[in-house]
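One structure is given here, and the rest of the page talks about it.
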Amino acid sequence: MSDDSSTLTADPASDGPATEPGERRSESAGSAIWREIKGLLWVLLAVLAFHSFVAKPFYIPSESMMPVLLKGDRLVVSKYPYGWSWVSPSFHVLPHWQGRLLGNMPERGDIVIVTPPGQSDDYIKRVIGLPGDTIEVRGGRLSINGRPVRAERRPPAMVPVDANVPCGFEFQGSLVRGGRGGGGEFCRLPIVRETLPNGVAYDTIDLGRSPGDDYGPVKVPADHLFLMGDNRDRSADSRFGLGAPENGLGGPVPWENIGGRAEFITFSLDGSTGLNPLSWVQSLRGGRAGDSLRGQGN
């Protein structure tokens with residue numbers, strides 16, 4: 001008669017070391033965290049790739065492109081129209097190389113992002129001269145290839161005063177109260193509308209005599225562009241030298257230093273934003289979202 005208690009059955013799990021339930025839960029939690037980290041890294045890489053090769057947001061930090069662009073405007077800048085170069089990545093980490101991959105030369109009147117030679121900061125300016133053009137400024141009036149650009153005096157721009165447009169030292173004597181909207185303070189700015197040879201028209205600010213009112217003539221070399229700001233008397237552009245004290249572009253800039261084309265305004269902030277999220281809505285400027293920055297009538 002056999003004794004059942006003496007019969008042993010092998011447990012398949014007993015071949016290896018025992019794993020406690022707590023250890024299995026810890027390993028599972030660690031794997032889940034790593035999966036989350038990998039997922040976030042892929043999202044970050046996708047965002048960086050989109051910003052570097054397709055389009056990215058851009059913030060207007062100064063008054064150099066007024067009246068078309070105000071400090072506090074947020075834009076969409078497309079990367080692909082001009083192809084790609086060493087300045088295309090969101091962070092300028094690639095070594096400098098000459099030329100571009102694919103893409104077309106910008107057109108006169110395009111608003112572009114540019115990195116000054118030897119620097120890493122991005123400026124925003126308007127394309128005025130193409131390769132082979134001769135650019136000259138006399139008495140504040142622009143000429144291309146010996147022919148004055150059509151310039152028409154327009155009614156003053158009445159820009160509402162806020163924290164981003166304080167109408168301070170840069171526009172001394174331009175502060176007025178009231179205006180077309182009734183109350184409030186405005187920056188009353190003298191406007192000259194220029195029309196380039198290809199028909200693109202845009203408003204510039206002409207505050208009077210300034211160091212950039214007489215320049216050239218300068219011939220734009222091959223694969224270079226001549227850039228200027230619309231706020232002609234307050235713009236460090238191709239008319240001024242690189243680095244301090246002028247902080248300009250040092251003349252015509254190489255095509256590969258163009259980082260993209262400004263397309264449209266997404267929204268604009270008046271500079272009054274605080275930590276309270278409600279202030280973000282209250283600081284939005286009305287009537288600027290969606291404004292196109294391309295072609296006739298910028």
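The values are calculated or read from the model by the stated rules, or taken from the named source; none is laboratory data. Remember, predicted model here, so these are calculated numbers, not experimental data. Reconstructed Cβ throughout: ideal geometry from the backbone, glycine too, with neighbour counts over all protein chains shown. The area values use the complete protein model at the heavy-atom level, side chains included, leaving out ligands, DNA and RNA. Shrake-Rupley method; radii C 1.70, N 1.55, O 1.52, S 1.80 Å.
Remarks
- Lysines whose Cα lies under 19 Å from that of LYS56, excluding same-chain neighbours fewer than 8 positions away: LYS71, LYS79, LYS125
- For the stretch 32-181, fraction of C-alpha pairs farther apart than 23 Å, in %: 56
- Relative protection proxy for 159-169, 225-235, 267-277, from highest mean packing down: 225-235, 159-169, 267-277 (other beta-carbon atoms within 10 angstrom).
- Along its three principal directions, the equivalent ellipsoid of the stretch 38-123 from the Cα gyration tensor extends over semi-axes of 23, 18, 13 Å, largest first.
- Contact order normalised by residue count of the stretch 230-298, Cα under 8 Å, 6+ apart, percent: 23
- Expressed in units of 2.2 N^0.38 Å, where N is the residue count, the Cα radius of gyration of the stretch 119-194 is 1.47.
- Inter-centroid distance (Cα atoms) of the stretch 60-100 relative to the stretch 237-297, Å: 9
- Highest average first, the peptides 86-92, 216-222 ordered by how many other beta carbon atoms sit within 10 Å of their residues are 86-92, 216-222.
- Per residue, in Å², the accessible surface of the chain once ligands and nucleic acids are set aside, probe 1.4 Å: 54
- Estimated [θ] at 222 nm from DSSP helical runs (n ≥ 4, -39500 (n - 2.57)) normalised by residues in the chain, nearest 500: -4500 deg cm²/dmol
- Student exercise, the stretch 151-206 dipole from Lys, Arg, Asp, Glu Cβ charges, in Debye to nearest 20: 220
- Cα-based helix-to-principal-axis angle, 21-53 vs the chain, degrees rounded to 10: 20
- 25 °C / 0.890 mPa s Stokes-Einstein diffusion coefficient of the stretch 204-298, Kirkwood radius on C-alpha pairs, µm²/s: 150
- Two numbers describe the Cα atoms of the stretch 93-163: Rg and Dmax, which are 16.8, 47 Å.
- Relative contact order [Cα under 8 Å, 6+ residues apart], the stretch 88-198, whole percent: 20
- Compactness ratio for the chain: Cα radius of gyration over 2.2 N^0.38 Å (N = residue count) comes to 1.50.
- Taking the C-alpha atoms of the stretch 143-234, convex hull volume expressed per residue in Å³: 126
- Taking PRO245, PRO106, PRO117 in turn, the Gaussian network model of the chain (Cα-Cα springs below 10 Å) assigns the largest fluctuation to PRO245.
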